[in-house]
Amino acid sequence: MSGDTSDSSSYFDGREPDELIRALVQKWPGTDGKITVGLHFLDLESNEVFIKAMPPDAPFCSTAVACGDHVYVIGGIRQNDATLFDNDGVNDVFQFDLKDLERGWRKTTSMLFPRVLPRVVAAEGKIFVFEYMGSESFGEVYDISGDIWEPLSPPPEDIDLCVPVLDSSRSRILVHCNANDTLYAYYYDRKSWVCLEQKFCYWSDAATIVDDVLYTAIYNYYDKFRSLEAYNLLDKKHLPVKWSSEFSVDPHGTLYRLGNGKCIFVWFNRLDKSFEYIRFHIWCNEQGGIHAAAEHQSAISVPYPKDISDIKLF
């Protein structure tokens, strides 16, 4: 792993940021009791990690999202100096320009409401922010070019939503209701909600779309990975998934699409202090189902410093 550096400009020479895995990393409290966060870039080919420092006042329990050539860190919790356990949600937004690394981070227009661990999706020059923990409103949207936040119209029913998934080819965001398994789509081009399926299936926090098929990870009662749930968004049909080999993944991992039919399961091993992942291929077989094959049966491990407490990929 490369050493910590605030100047990662040499890392991007000849490479596009979209080729890298991005992560928002949280450190254990220091001697001053403060929790700090940082932006990391992971190269899966060399298993190297390159680090870009965050502003000292950036809150933890925030969410990061990439939109165009910029990274945004949104919301979170700021510790109150009056007492260790008195924390306040914030509406702060920080922006980082991947094409102008020397400029560093800057604070941009704040959200309308404080949000802790918000669910965030970026599409067509806008950032869509959904409630997650104790927010006053369901959601809001940031128009980057206009530098303005506006309320996001809520769905027809209350939704305790899982991680939203961008379906860019149809200009919509898919959200799943934890309470009754309803699958909704928010069409951001016309600002409207549509119920796609009343009883979809269990939806974990690991979900992505590959070639018009929505995938979400399915676990058993012992939090052991069982399979993928595959749903054809064109035919609105659930597809059978066949694996060529078995492997184990962390139930709190993220399903991340790499492109060209490749995905990875990624997670942070808190016991061994390492970033771990399994890469696999998925494709449609002749029987109309999905075939999946892992490139390796055991996870590839990338060591991390011991002061890291959490990693969130985006």
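Computed from the coordinates by the stated procedures, all read-outs in this text should not be read as laboratory data. Quantities reported herein were computed from a predicted structural model and do not represent experimental measurements. In this analysis, Cβ positions are derived from the backbone assuming ideal geometry, glycine residues included, and neighbour counts consider all displayed protein chains.
Below is a table of values for the structure above.
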quantity	calculated
Gain upon complete extension [Trp243, Lys126; 0.36 nm per residue less C-alpha separation]	38.4 nm
Modelled FRET efficiency - R0 30 Å, Trp28 with Cys284, Cβ distances, 0.05 increments	0.10
Listed peptides 68-75, 176-183 by packing density, highest first (mean Cβ within 10 Å)	68-75, 176-183
For the chain: relative contact order, % (alpha-carbon pairs under 8 angstrom, 6 or more apart)	11
Among His238, Phe265, Phe41 - extreme Cα towards positive end, dipole of the chain, charges at beta-carbon	His238
Packing-based ranking, highest mean first, of 34-42, 193-201 given that Cβ atoms within 10 Å are counted	34-42, 193-201
Alpha carbon centroid spacing (whole Å) that separates segment 120-182 from segment 21-80	22
Relative contact order of segment 158-202, pairs being alpha-carbon contacts under 8 Å that are 6 or more residues apart, as %	29
Residue pairs, from the table Lys52/Lys191; Lys237/Lys262; Lys236/Lys273; Lys27/Lys107; Lys27/Lys191, whose Cα atoms sit over 30 Å apart	Lys52/Lys191; Lys236/Lys273; Lys27/Lys191
Chain lengthening between Leu234 and Ser137 when straightened (0.36 nm per residue, less Cα-Cα)	31.7 nm
Gained length - Glu102 relative to Glu48, 0.36 nm times residue gap less alpha-carbon distance	17.3 nm
Rg/Rg_ref, the chain, where Rg_ref = 2.2 N^0.38 Å and atoms are Cα	1.00
Shape parameters for segment 55-152, alpha-carbon atoms, Rg then Dmax in Å	13.3, 42
Antiparallel DSSP beta bridges within the chain, percent to nearest 5	95
Residue among Arg172, Arg270, Arg115 with the largest mean-square fluctuation in a Gaussian network model of the chain, springs linking Cα atoms under 10 Å	Arg270
